[in-house]
Amino acid sequence: RNINSIKKNCYRLNRIVGNILDLNKIELNTFKLNLSNNDIVEEFANIVQAVSYVVKQNGLNIIFNSLIKEKFIAYDDEQIERVLLNLISNAVKFSKIDGNIFVNLLDKGDFIEIEVKDDGIGMNEQFLEEIFNKYCQENNSLSRIAEGSGIGLFLAKAIVVLHGGSISVKSEIGIGSSFKFTIPSKILNIKN
């Protein structure tokens, strides 16, 4: 049991160090995306399926919704997965037992919109203006139960913006939160 706890904490520390290194790369404009054409619907469905066991262990439900079955666009699959996992992780941290997390994917023509919505504790309206700032954390007793480093949403926004997209949040105390981000629907012309 102790070895498992040590292992978990080592992985967590490794992620934090990786986030700090990426934070520095972003600030120095040396962070590079590795774009390739991928089916974003299949990828997100697989991510949701992969995390569903952990989400259920936390007493929550996660549901993936998409009206389209396939959509190939150019994006960095590793970095966009990171954005989605960060938003899902935050939804898990701030949701109540028997709560729901929805991952909705919409084809808006020129871009794809992804929403991660929960029916958790929600956030104060004043905090929403600062939420994507570096090291930002809401300072109230409700959110302190699941404290993080304050880097995740800053990195998520930076990654989305590097893709040419945008990210936003809406939230209401006691009702839940909705994070939406977009990625342009572009395809790389790959020559053989």
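The values are calculated or read from the model by the stated rules, or taken from the named source; none is laboratory data. Here the structure is a predicted model, which is why all the values come from computation and not from measurement. We place every Cβ from the backbone using ideal geometry, glycine too, and count neighbours over all the protein chains shown. Remember, those area values only see protein heavy atoms, side chains included, never the ligands or the DNA or RNA. Shrake-Rupley method; radii C 1.70, N 1.55, O 1.52, S 1.80 Å.
Quick check: is even one residue across the stretch 79-91 among the hydroxyl-bearing types (Ser, Thr, Tyr) and modelled with pLDDT under 95? The answer is yes, given that some residue of the stretch 79-91 is among the hydroxyl-bearing types (Ser, Thr, Tyr) and modelled with pLDDT under 95.
Taken over the stretch 52-79, the criterion of being open to solvent by 70 Å² or more (accessible area, probe 1.4 Å), closer than 18 Å to Leu106 by Cα and out of contact with any strand residue (DSSP E or B) (no Cβ under 6 Å at 6 or more places or on another chain) is satisfied by Leu67, Lys69. Among the residues of the stretch 80-104, those that are closer than 12 Å to Val48 by Cα and open to solvent by 60 Å² or more (accessible area, probe 1.4 Å) comprise Glu81, Leu85, Phe102.
Residues in the stretch 26-51 that are free of Cβ contacts under 8 Å to residues at least 40 places away in the same chain, under 14 Å from Glu78 (Cβ atoms) and more than 16 Å from the chain's Cα centre (by Cα) were compared, and the one that is most open to solvent (accessible area, probe 1.4 Å) is Lys32. Among all residues of the stretch 125-133, there is none that is assigned to a strand (DSSP E or B), under 22 Å from Thr182 (Cβ atoms) and either in contact with a strand residue (DSSP E or B) (Cβ under 7 Å, 6 or more places away or on another chain) or modelled with pLDDT of 90 or more (or both). Tell me, please, whether a residue that is at pLDDT below 90 and open to solvent by 90 Å² or more (accessible area, probe 1.4 Å) can be found in the stretch 172-182. No, that holds for no residue. Residue pairs whose Cβ atoms lie under 6 Å apart, separated by 6 or more positions or on different chains, with the first residue in the stretch 108-123 and on the phi > 0 side of the Ramachandran plot and the second not in a strand (DSSP E or B), are Gly122/Ile173; Gly122/Gly174; Gly122/Ile175.
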